[in-house]
Amino acid sequence: MTRREALRTIGAGFGALGLAGTVAKAGPLDPKRPHFAAKAKHVIFLFLNGGPSHVDTFDPKPMLTKFAGKPIPTGNLKTERKTGNLLASPFQFKKCGKSGIELSEILPRLGELIDDVCVIRSMYADRPNHEPSLFMLNCGHMMPGHPSMGAWLTYGLGTENQNLPGFVVLCPGLPVVGPQLWSSAYLPAVYQGTYIPNNEKDPEKLIHYIRNARLDAGEQRRQLDLLGKLNRRQIEREGADPQLEAGIQAMETAFRMQAEAPQVFDVSKESEATRARYGDTDFGRGCLMALRLVERGVRMVQIYFGNGQPWDNHDDILIHRRLARQADPAIAALLQDLKARGLFSETVVLIGGEFGRTPSVEVSGLVAVQNGRDHNSHGYSTLLAGGGVKGGVVYGATDEFGFKAVENPVHAHDLHATILHLLGLDHTKLTYRYSGRDFRLTDVAGRVIHEILA
């Protein structure tokens, strides 16, 4: 006889009724207490997938101009493809804000807000190719099969709005690797990211079958209640079934989403002037949706810049200018509106890609135009803003050519540990037992970067 069967039998079933009452009161996505007082409640991750070039955006290197067309004096570090001589940035850098942080001319709007931003110039990755670096930055491991940061956050904290998913992923198509980047893996399935293809403007098309054309809300509620009773009986008879329980939660969330999701994803509810500031692009609409989602209590929103790897400019780094025309106004508008709506102090905004790019030109036979850069895992830049992060500061540095992090190197584990800390979570204590060991987002590493905390 199982424990559940015993509880159902002993005392005319009062034990089971008590257990059922306890379970009903605490859903897996209900808000949970953090380990300690949190500075932030939400995370917005603006993922510039493909690997933007730090030496053309956030990390000026005058030595690239001085030695342009010459071999790097220190000798090339290992890169994924063959590279040649140093390539000067085609973009000018200028000091911005009261802090005087230098940014590229292709990011003028972000430059106006740089005093609210922390620029980490000493990030590094373990591999110079997309898949393991994407997994590491999203899931804390280079191999697939581990939960994403958004899944860990909703597992640890739940979410504040039960009518919407706790973790939302916006992308017009799919990035390299795809859904495994927002998977819950061995965590319960209820914590995985809800994928929304934000290339659609009509909110009714963003989420397929969000409305039931045949049944009204009352009839749907009666059906769900009946299914709930049947499912609970099976759980009592057979024991815990994580897949079944995740399915129950998914149906309940989908039912509740009918009331709120069409409204929150309908950016036409915002003024025409507001929409214009973000830009009529997939990324711009994604940033505006992210604002509206965190405003309604969603724990984490991740926006991928585009399908595939748009910032992967091996051939011609000048493509960065076109990409920045879409990214710059949307990022700036998001930061401004988070402030205007009183959300900036409680929302961590993370901006960056999976690695950087080489200061030397790519000369492999795979490129048609030799004016681009190869992947660089040895040093690159990432931005943090809001949610208890110091603004107007630069942390760490790469060498004089921008090839390798040499001052205060920061790994993805350190970045994850810091973000969890801002949300009141001790990264060493946020664990889940699976396959005989306790797993965590930061594996067995990670250091909170206290120097950048306000």
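Quick notes
- Filtered residue count, region 325-336, keeping only those that are more than 16 Å from ASP280 (Cβ to Cβ) and surrounded by 20 or more Cβ atoms within 10 Å (Cβ to Cβ): 1
- Near pairs, Cβ below 6 angstrom, 6+ apart or cross-chain, from region 298-319 (at pLDDT 95 or above) to any residue that is among the hydroxyl-bearing types (Ser, Thr, Tyr) and not in a loop (DSSP other than H, G, I, E, B): ARG299/THR154
- Any chance ILE331 is part of a strand (DSSP E or B), under 21 Å from TYR380 (Cβ atoms) and modelled with pLDDT of 95 or more: no
- With respect to (1) closer than 20 Å to ASP30 by Cβ; (2) out of contact with any strand residue (DSSP E or B) (no Cβ under 9 Å at 6 or more places or on another chain); (3) of a type outside the set (S, T, N, Q), the lone exception for LEU153 is condition (2).
- Only listed residue being touching a residue at least 60 places away in the same chain (Cβ under 8 Å) and within 25 Å of PRO132 (Cα to Cα), chosen from GLY387, GLY402, GLY424: GLY402
- Subset of region 83-101 [buried (at least 16 other Cβ atoms within 10 Å of the Cβ), modelled with pLDDT of 95 or more and not in a loop (DSSP other than H, G, I, E, B)]: LEU86, PHE93, CYS96, ILE101
- Among the residues listed as THR382, THR442, THR418, the single one being in a strand (DSSP E or B) and either free of Cβ contacts under 8 Å to residues at least 12 places away in the same chain or buried (at least 17 other Cβ atoms within 10 Å of the Cβ) (or both): THR382
- Filtered by the rule that a residue be assigned to a helix (DSSP H, G or I) and free of Cβ contacts under 8 Å to residues at least 24 places away in the same chain, region 334-367 gives a lone residue, ALA340.
- Single unsatisfied condition, MET136 versus (1) at pLDDT 95 or above; (2) part of a loop (DSSP other than H, G, I, E, B): (2)
- In region 257-290, the residues that are crowded, with 24+ Cβ neighbours inside 10 Å and either over 15 Å from LYS201 (Cα atoms) or hydroxyl-bearing (Ser, Thr, Tyr) (or both): TYR278
The values are calculated or read from the model by the stated rules, or taken from the named source; none is laboratory data. As the structure is a computational prediction, the values presented were derived from the model and not from experiment. Note: ideal-geometry Cβ built from the backbone for every residue, glycine included; neighbour counts use all protein chains shown.
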